[in-house]
Amino acid sequence: MLVVAGIVLSSLNRDAAERSFDRRLNVYLRTLVADVATPDEAGERFPQSLGEPLFELPLSGWYWQVTRLDTARPEVRSSRSLWDSTLPHLDDAPLSPAAGARQGYVQGPEDQTLRLVERTIDLGDEGRFLVAVAGDAVEIDEETRRFDRALATTFAVLGFVLLLITTFQVRFGLAPLNRISAGLAAIRSGAAERLEGSFPIEVAPLARETNALIEANREIVTRARTHVGNLAHALKTPLSVMMNEASANPDNPLATKVREQTDIMRDQVTHHLERARLAARVAVIGTVTEVRPVVFALVRTMEKIHHARGISIELDAPENARFRGERQDLEEMIGNLVDNACKWAQSRVALETFVERPDIYSERSIVRIVVDDDGPGLSPQQREQVGRRGRRLDEAKPGTGLGLSIVVELASLYGGGLTLGTAPIGGLRAELVLPGA
């Protein structure tokens, strides 16, 4: 806008300078017309001077010229400053209605730019004359340049001041939005539970509705957990009664069928209730868990459980590892993986934790937990099967076959995943990837 305004103002100033210059030329032009129309006592129609010394100085840039047009050969008289040159005509220039003359720019004797005003007068029998006056246009250019320099300096200062004011407005006017953004980041990372502090009336409704949304989310999760628990208790008793009644008649084929179907129902109920419980916990916003204390506690527990087999568990967990989720879920996932590794290991289990970023441009980190054992390992076909719910490769090992499937489902709910491979120490490698904080 400043550039456009500067161009417009510069153009208006140049027009004003030209009009002022033209008024000066028109004064000389009217004087010449009066001299031509009224000859002196000696009958001389062409003046020797207009009272301006510049018309007397050779090639001064100020010239006048009178040309008689009604003779066979045009008779030309001019100022001494024009010397032996002539002024060009403005045949194509439009006639000014105010002054009754033509005006425009022409090239002078020294190739300088001249502003020229000319007028044709008809004296009847006394003849037709073309009267022209020209002045050096450098005065217009110099005045325009002076104005442009002053305008550029003024607008530069104005632009700088406007830039400072705009920066001040953006920095301090949008500061409450930056506080809201930082507050939401703190809630997401688990450092805060709601937006705190006072906000201007323009953004206070946003903060208030955001806090209300977070509270509503927590209430929904709490109600979901309550409903899941109530449903679990409501189904356990009927299933137990049916199981007991079927077990009382072991030789009855109908009882055997009821017991079989009851086991399937119990597994299905357990599975879907577990999914609902996990989904409800994952929905909680802003929960963060330190990984190191969790894995240390799990390792000590597993060493005690498998102490009789002499299983050694190696642990490497950095202090900055943080999982964006519930502690109970992390314990369940890592506990299933470590327990599975201890069941199949011959003597050694290794647990390592890494904190990484998906790429250099990502702001969020991931936590990678690797569990290796020196057991027999699994073939690629067996790895595909063990992640399925209830699938067990060896019935001699204790368990329900739900451990790895729970890990897979829970990790996927958090946006992570579980992959199985071959461990460097010879057995199975389970690699769990979870969102970091």
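Determine the gain in length on full extension of the stretch ARG73-LEU231; use 0.36 nm per residue of separation and subtract their C-alpha separation, reporting nm with one decimal. Intermediate results must be reported in sequence, preceding the final value.
Details: separation 158, 0.36 × 158 = 56.88 nm, distance 12.17 nm.
Result: 44.7 nm gained on full extension.
Antiparallel as a % of all DSSP beta bridges within the chain, to the nearest 5? DSSP beta bridges in the chain are roughly 90 percent antiparallel. Here the dipole of the chain is about 2900 debye; that uses its Cα centre as origin and unit charges on the Cβ of Lys and Arg (positive) and Asp and Glu (negative). Within the shell defined by Cβ-Cβ distances under 10 Å, the residues around ARG102 carry a net charge of -2, with Lys and Arg each +1 and Asp and Glu each -1.
Using the beta-carbon distance between ALA156 and SER11 and R0 = 25 Å, what value does 1/(1 + (r/R0)^6) give for FRET efficiency, to the nearest 0.05?
Numbers: r = 19 Å, r/R0 = 0.76.
After rounding, the FRET efficiency stands at 0.85.
Axis angle, to the nearest 10 degrees, between helix 138-173 and the longest C-alpha principal axis of the chain: 20 degrees.
Express the Stokes-Einstein translational diffusion coefficient of the chain in µm² s⁻¹, to the nearest whole number, given a Kirkwood radius over alpha-carbon pairs, 37 °C and a viscosity of 0.692 mPa s. Let's see the in-between values first.
Details: Rh = 31.9 Å.
It diffuses with D of about 103 µm²/s by this estimate.
In this entry, the stretch 289-435 is assigned a mean projected area of 8.6 nm², taken as a quarter of its C-alpha convex hull surface. Excluding VAL295 itself, what net charge comes from residues whose Cβ is under 11 Å from its Cβ, given Lys and Arg +1 and Asp and Glu -1? The answer is -2.
Taking the longest Cα principal axis of the chain as reference, the axis of helix 327-344 is set at about 50 degrees.
Using DSSP loop states and a limit of at most 13 other Cβ atoms within 10 Å to flag GluC sites (Glu not before Pro), what is the longest stretch of the chain containing no flagged site?
Details: sites that count: GLU41, GLU44, GLU110, GLU196, GLU202, GLU319, GLU363, GLU395.
Here the longest run is 203-318.
Tell me, what is the FRET efficiency for THR166 and SER412 to the nearest 0.05, using R0 = 45 angstrom and their Cβ-Cβ distance as r? Write out the running numbers ahead of the final one.
On the way: r = 47 Å, r/R0 = 1.05.
So the FRET efficiency works out to roughly 0.40.
In terms of its C-alpha gyration tensor, the stretch 53-113 comes out oblate, because a/c is 1.5 or above while a/b does not outweigh b/c.
Compared with the alpha-carbon gap, the fully stretched path from ALA297 to ARG19 is longer by 90.7 nm at 0.36 nm per residue.
Any idea what the alpha-carbon Rg over 2.2 N^0.38 Å comes to for the stretch 147-267? List each step's numbers first, then the result.
Details: Rg = 33.1 Å, N = 121, 2.2 N^0.38 = 13.6 Å.
Here the Cα radius of gyration is 2.43 times the empirical estimate.
Farthest toward the positive end of the dipole of the chain, out of TYR414, THR256, VAL228, is the Cα of THR256, where the dipole comes from beta carbon charges about the Cα centre.
Taking the longest Cα principal axis of the chain as reference, the axis of helix 291-305 is set at about 10 degrees. Computed log10 I(q)/I(0) for the stretch 2-144 at 0.12, 0.14, 0.17 Å⁻¹: -0.50, -0.67, -0.95, from the Debye equation with unit scatterers placed on every C-alpha and solvent omitted. As a rough footprinting exposure proxy, the listed residues MET243, MET1 were ranked by other beta carbons within 10 Å of their own, and the order from fewest upward is MET1, MET243. Averaging the sequence gap over all C-alpha pairs within less than 8 Å and six or more residues apart, then dividing by the number of residues, gives the stretch 2-144 a relative contact order of 25 percent. The mean sequence distance of close C-alpha pairs (under 8 Å, at least 6 residues apart), as a share of the length of the chain, puts its relative contact order at 9 percent. A simple spin-label model places pseudo-atoms 7 Å from Cα toward Cβ; at VAL241 and LEU254 they are separated by 1.7 nm.
For the chain, the residue among VAL161, PRO200, MET1 whose Cα projects farthest onto the positive side of the dipole built from Cβ charges is PRO200. Taking 0.36 nm per residue of sequence separation and removing the Cα-Cα distance, the ARG223/GLU196 pair yields an extension gain of 7.2 nm. For the stretch 75-229, pairs of C-alpha atoms spaced more than 22 angstrom apart make up 71 percent of the total. Taken about its Cα centre, the stretch 2-144 carries a charge dipole of about 280 debye when Lys and Arg each add +1 at the Cβ and Asp and Glu each add -1 at the Cβ. Contact order for the stretch 109-243, expressed relative to its length and based on alpha carbon pairs under 8 Å spaced 6+ residues apart, stands at 11 percent.
Every number in this text was worked out from the coordinates using simple rules, so none of it is lab data. Computed from a predicted model, the values in this text were never measured in an experiment. Note: ideal-geometry Cβ built from the backbone for every residue, glycine included; neighbour counts use all protein chains shown.
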